[in-house]
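Let me begin by presenting the structure, written as C-alpha cells, before commenting on it.
Quick note: the coordinates plus some simple rules give every number you see, no bench work behind them. This structure is a prediction, so every number in the text was calculated from the model and none was measured. Counting neighbours? That spans all protein chains shown, and the Cβs are built from the backbone with ideal geometry, glycine included.
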Amino acid sequence: MSRQIDYFFTLSSPWAYLGHAAFVETATRHGVEVSYRPMPVRAVFDETGGLPLPKRHPARQRYRLVELQRWRQRRGLPLSLQARSGSFDPSLADRLVIAIIASGSDPDAFLRRAFHALWADALDLADEAVLARLVASVGLDAEPLLEAAAAPASHERYEQNRIEAIAAGVFGAPSYILDGELFWGQDRVELLDEALSEGRAAYLP
C-alpha cells in the first residue's frame with residue numbers, strides 16, 4: 001500500500017510556490033501519493049495564533065523579503081517581490097484546485113501555472129478570466145471547473161480541509177504531513193526527503 005502525504009497549502013503563499021515543484025518531485029521519486037489539501041490559510045492563522053502579513057512586526061516583514069530572495073535563488077524560480085498576494089482573496093483559485101481533483105484530474109500542472117502566474121507574473125488569481133486561461137493552458141475545460149469551484153461541494157471541501165489541517169497541527173502553508181509528522185514550510189522539503197529515504201518512524205509530540 002502506497003504511503004501518502006497530506007499537502008496543505010494555498011496559492012496565496014509564496015513559500016508554497018517556492019516549494020511546490022521540489023515537493024512534488026520528492027514525492028514522485030519516493031512513490032508516495034500526494035493528497036492535495038487547499039485550505040483557507042487566514043482562517044487557520046486566526047485559529048492557531050498566526051498573523052496576516054500586514055499585522056506582523058516590520059522586522060519580520062523585512063526579514064521575509066530577504067528570505068524570499070534567498071529561496072528564489074536556491075530554487076531557481078522567478079519571484080516578484082511586488083506580487084500582490086495580500087490584495088486578493090485566494091479562495092476561488094484554491095477551490096478551483098479542489099474542483100480539478102474532484103473531476104479526476106491531477107492538479108499539479110495547473111498549480112505550477114497558477115503559482116507562476118501569481119508569483120512571477122503578478123497576475124490576479126481572483127479574476128475568473130485569468131483562472132479560465134490558466135485552466136485552458138493545461139488542457140482542461142475551464143467553464144465546468146469554475147462552476148464546480150463555486151458550487152457548495154467545493155466550499156464544503158475547503159472548510160473540511162481547514163478542520164483537518166487544524167486537527168493535524170497545521171498552522172501555516174505549506175505543510176506536509178507524513179505518517180502524522182508535520183513538516184512546516186518549503187524549507188523542510190529536504191528533511192521530508194530524508195525521512196522518506198530513511199524509512200524512519202514518525203517524530204511525534
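Annotations
- Among 143-155, 107-119, 49-61, the peptide with the highest mean count of other Cβ atoms within 10 Å heads the list, and the full ranking is 107-119, 143-155, 49-61.
- Distance between the modelled labels on residue 59 and residue 47, one decimal in nanometres: 3.1 nm (7 Å Cα→Cβ projection).
- Label point distance in nm, residue 166-residue 2, each placed 7 Å from Cα along Cα→Cβ: 3.1
- 11 Å cut-off, amide nitrogen to a point 7 angstrom out along residue 102 Cα→Cβ, residues in region 123-146: 145-146
- Simple spin-label estimate for residue 191 and residue 80 gives 3.3 nm between the two label positions (7 Å along the Cα-to-Cβ direction from each Cα).
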